[in-house]
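Trainee: Supplied in structure tokens, the structure appears directly below.
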Amino acid sequence: MKVGIIGSGGREHAICQSIKKSAKVDTIFCFPGNAGTKEIAKNIQIDLKNFKILKDFILDNRIDLIIVGPEKPLVDGIVDYLEKFKIKVFGPNKIASQLEGSKIFTKKLCEKFNIPTAKFGIFKNRDNAKKFIKNTNFPVVIKADNLASGKGVYISNNKIEAYGAIDEIFDGKFGKANKLLVEEFLVGEEMSFFTIHDGKIFKNFGTAQDHKRVLEGDKGKNTGGMGAYSPSRLINDELEKKIINKIIQPTLNGLSDLGCQYKGFLYAGLMIVDNEPYLIEYNVRMGDPECQTILPKLNSDLSDIILACCEERLKETKINWLNKKSLCIVLCSNGYPDNYKKNIEIEKLKNLELGNNEFLFHAGTSDKKGKIYAVGGRVLNFVTIEDDFKFARDKIIKKLKILNWSDGFYRNDIGYKVIKL
Ligand code: AMP
Ligand code: GLY
């Protein structure tokens with residue numbers, strides 16, 4: 001089987017490595033991939049905004065299955081487009097992708113189907129939003145409606161901050177804005193909950209806790225994710241039932257009312273308050289770095305599972321997991337999430353040896369004449385699976401010290417809530 005993977009991050013390298021293990025897969029193409037995927041797949045440089053060129057490549061090369069990693073092509077309708085040409089593609093269609101593409105779409109669905117979420121208001125102009133803010137409690141959460149690579153969310157502690165957020169959003173910082181969302185601030189602990197869907201049924205696909213802030217102690221600016229661990233310390237049977245019955249199933253019912261079946265990964269970003277789940281946001285894909293954290297524990301053939309989803313056969317497909325703890329630390333370029341230098345060599349990377357149950361997934365890397373260069377903010381993901389989170393973290397930090405890349409940094413405290421010192 002020939003498989004194509006769309007995307008270039010750590011998530012896509014992890015998917016690529018997992019698919020590579022299958023005896024049924026002979027060739028993998030990555031669009032465009034990174035220096036890590038280049039070792040095990042064919043990286044193809046294609047303008048992903050041009051669906052026609054991509055479709056022609058897929059048909060010319062007889063690729064049997066396409067897996068879409070990031071949200072942007074999904075929200076732009078890549079699945080609908082490729083399916084018109086009878087291409088098997090794993091990911092939700094354009095209507096379903098609004099779960100991530102429009103926060104207001106999701107909030108309205110929550111309202112209609114009684115899905116627990118933070119109380120909210122939708123505002124169509126800055127005056128009304130500011131009038132509302134005058135009489136609200138702080139902190140308050142202000143969100144741009146559209147995709148903003150995790151940056152369109154403001155947690156404002158006072159009126160001045162809130163007004164600044166409203167102005168930035170309506171001034172178009174995240175693209176043209178006709179509306180914004182003001183939300184009640186929920187106090188609890190976050191959890192990422194994953195499911196995999198074939199349009200008819202779904203199965204659980206693990207839990208994780210992500211560390212989004214750049215500094216240790218979960219301080220500083222929001223990033224794409226500095227590290228994660230799996231499983232989340234919050235998950236238990238009762239909570240899992242509540243998440244499925246109160247959040248996931250009603251969402252699928254809501255989509256079904258719109259004539260839409262969900263196929264792909266679904267990532268529910270939840271706030272857990274006293275063992276009760278509240279939906280913060282949906283993502284219509286795997287998380288990054290949660291994907292890198294979860295996939296090494298998968299003890300089944302990922303290509304079988306994904307193909308089964310594209311053929312509505314998930315019910316008969318087993319998904320087995322290693323009963324292990326997994327932890328991921330992300331190595332970033334100095335300066336991230338603000339400005340950072342590009343094209344810096346990671347000198348010792350080629351000599352780094354990985355032991356059993358140790359994984360290295362590339363993100364923002366590029367390969368030139370046999371040397372590896374950092375070209376993005378998040379550069380490498382180090383993952384270890386062990387019986388114990390502390391042991392896993394210690395092993396990773398040892399590797400990072402050997403690599404000793406002075407142009408990068410990482411958080412030493414990933415998983416601090418599950419690691420007692
Ligand atoms: P989002 O992009 O919607 O996931 O928001 C980014 C981050 O902002 C989340 O991971 C939370 O840490 C925080 N956040 C978003 N909405 C809320 C809320 N209503 N209450 C508390 N924190 C929130
Ligand atoms: N780890 C957060 C995300 O993938 O959106």
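Read-outs: derived from the displayed coordinates by stated rules, not from any lab. If you're wondering where the values come from, they're calculated on a predicted model, not measured in any experiment. Cβ coordinates were reconstructed from backbone atoms using ideal geometry, including for glycine residues, and neighbour counts include every protein chain displayed.
Trainee: Could I have the simple spin-label model distance between K130 and N114, label points 7 Å from Cα toward Cβ, reported in nm to one decimal?
Mentor: In this crude label model, K130 to N114 measures out at 4.0 nm.
Trainee: How far apart, in nm, are the 7 Å Cα→Cβ label points at N323 and D387?
Mentor: In this crude label model, N323 to D387 measures out at 1.1 nm.
Trainee: What are the semi-axes of the equivalent ellipsoid of the stretch 177-230, taken as the square roots of 5 times the eigenvalues of the Cα gyration tensor, listed largest first and rounded to whole Å?
Mentor: 25, 20, 11
Trainee: Taking the square root of 5 times each eigenvalue of the Cα gyration tensor, what semi-axes in Å does the equivalent ellipsoid of the stretch 261-337 have, largest first?
Mentor: Equivalent ellipsoid of the stretch 261-337: 25, 19, 15 Å, largest first.
Trainee: Restricting to Cα pairs below 8 Å that are 6+ residues apart, what does the relative contact order work out to for the chain? Please round to a whole percent.
Mentor: It comes to 17 percent, rounded to a whole number.
Trainee: Size of the stretch 241-290 along its principal axes in angstrom, Cα-based, largest extent first?
Mentor: Cα extents, longest axis first: 35, 26, 16 Å.
Trainee: Now a separate question. Starting from the Cα of E83, step 7 Å toward the Cβ, then list every residue of the stretch 91-112 with an amide N under 15 Å from that point.
Mentor: Backbone N within reach: 91-99.
Trainee: Need one number for the stretch 48-182: average projected area of the convex hull over its C-alpha atoms, nm².
Mentor: If I average the Cα hull's projected area over directions, I get 9.4 nm².
Trainee: Of P337, I142, A96, whose Cα points farthest to the positive end of the dipole of the chain (charges on the beta-carbon: +1 Lys, Arg; -1 Asp, Glu; origin at the Cα centre)?
Mentor: Positive-most Cα among the choices belongs to P337.
Trainee: Could you line up H211, H13 from fewest to most neighbouring Cβ atoms inside 10 Å?
Mentor: Taking fewest neighbouring Cβ atoms as first place, the list is H211, H13.
Trainee: Over the Cα atoms of the stretch 275-320, what radius of gyration and what Dmax do you get, in Å?
Mentor: Gyration radius and largest Cα-Cα distance of the stretch 275-320: 13.3, 36 Å.
Trainee: Order these peptides, 187-196, 395-404, by their mean beta-carbon neighbour count within 10 angstrom, highest first.
Mentor: Per-residue Cβ counts within 10 Å, averaged per peptide and sorted highest first, yield 187-196, 395-404.
Trainee: Would you mind ranking D210, D301 so that the residue whose beta carbon has the fewest other beta carbons within 10 Å leads the list?
Mentor: So the ranking, lowest neighbour count to highest, is D301, D210.
Trainee: Give, in nm to one decimal, the length gained when the segment between E345 and K176 is fully stretched (0.36 nm per residue of separation minus the Cα-Cα distance). Working shown, then result.
Mentor: Working: separation 169, 0.36 × 169 = 60.84 nm, distance 3.76 nm.
Answer, rounded to one decimal: 57.1 nm.
Trainee: Hey, another quick one. Based on the alpha carbons, how large is the Rg to Rh ratio for the stretch 157-250 when Rh follows Kirkwood? Write down the numbers at each step before the final one.
Mentor: Numbers: Rg = 17.4 Å, Rh = 16.6 Å.
Rounded to two decimals, Rg/Rh equals 1.05.
Trainee: What does the C-alpha gyration tensor say about the overall shape of the stretch 123-205? Classify as rounded when a/c is under 1.5, otherwise prolate if a/b is larger than b/c, or oblate.
Mentor: prolate
Trainee: While we're here: Over all directions, how big on average is the projection of the convex hull of the alpha-carbon atoms in the chain, in square nanometres?
Mentor: 20.0
Trainee: Taking only C-alpha pairs under 8 Å that are 6+ residues apart, what is the relative contact order of the stretch 245-375 in percent?
Mentor: Dividing the mean separation by the residue count of the stretch 245-375 yields 15 percent.
Trainee: Rg (Å, one decimal) plus Dmax (Å, integer) for the alpha carbons of the stretch 158-198?
Mentor: Cα-based Rg and Dmax for the stretch 158-198 come out at 15.4, 46 Å.
Trainee: Let me ask you something else. Just S333, S22, S303 to compare: in a GNM of the chain, with alpha carbon springs under 10 Å, which one fluctuates most?
Mentor: S22
Trainee: Counting other beta carbons within 10 Å of each Cβ, put L279, L255 in order, fewest first.
Mentor: So the residues, fewest neighbours to most, are L255, L279.
Trainee: Right, here's the next one. Can you give the direction-averaged projected area of the convex hull of the alpha-carbon atoms in the stretch 290-421, in nm²?
Mentor: 10.1
Trainee: Between the stretch 115-156 and the stretch 249-302, what is the C-alpha centre distance in whole Å?
Mentor: 23
Trainee: Across the stretch 61-66, in residue order, what do the Karplus-derived ³J(HN,Hα) couplings come to in whole Hz, using 6.51 cos²θ - 1.76 cosθ + 1.60 with θ = phi - 60° and x for Gly and Pro?
Mentor: Values per residue, Gly and Pro as x: 9, 6, 6, 7, 8, 10 Hz.
Trainee: Using Cα springs under 10 Å in a Gaussian network model of the chain, which residue among G376, G254, G121 shows the largest mean-square fluctuation?
Mentor: Looking only at G376, G254, G121, the largest GNM fluctuation is found for G121.
Trainee: Explain nothing, just the number: relative contact order of the stretch 311-386, from Cα pairs under 8 Å at least 6 residues apart, as a whole percent.
Mentor: On the way: 114 pairs, mean separation 30.8, N = 76.
Normalised by residue count, the contact order of the stretch 311-386 is 41 percent.
Trainee: In debye, nearest 20, what is the charge dipole magnitude of the stretch 1-82 about its Cα centre with +1 on Lys and Arg Cβ and -1 on Asp and Glu Cβ, if you could check?
Mentor: In total the dipole reaches around 220 debye.
Trainee: Turning to a different aspect of this structure: Pairs K24/K88; K21/K42; K88/K263; K371/K398; K52/K88: which are spaced more than 18 Å apart, C-alpha to C-alpha?
Mentor: Too far apart for the 18 Å limit: K371/K398.
Trainee: Oh, and also: According to a simple spin-label model (label point 7 Å from Cα along Cα-to-Cβ), what is the distance in nm between K24 and S256?
Mentor: Placing both labels 7 Å along Cα→Cβ, they lie 2.7 nm apart.
Trainee: Past 27 Å, Cα to Cα, is the threshold; run K176/K241; K219/K342; K200/K318; K49/K242 against it and keep the listed order. Present the calculation step by step, with values, prior to reporting the outcome.
Mentor: Numbers: K176/K241 39 Å; K219/K342 25 Å; K200/K318 16 Å; K49/K242 39 Å.
The pairs that break the limit, which is 27 Å between Cα atoms, are K176/K241; K49/K242.
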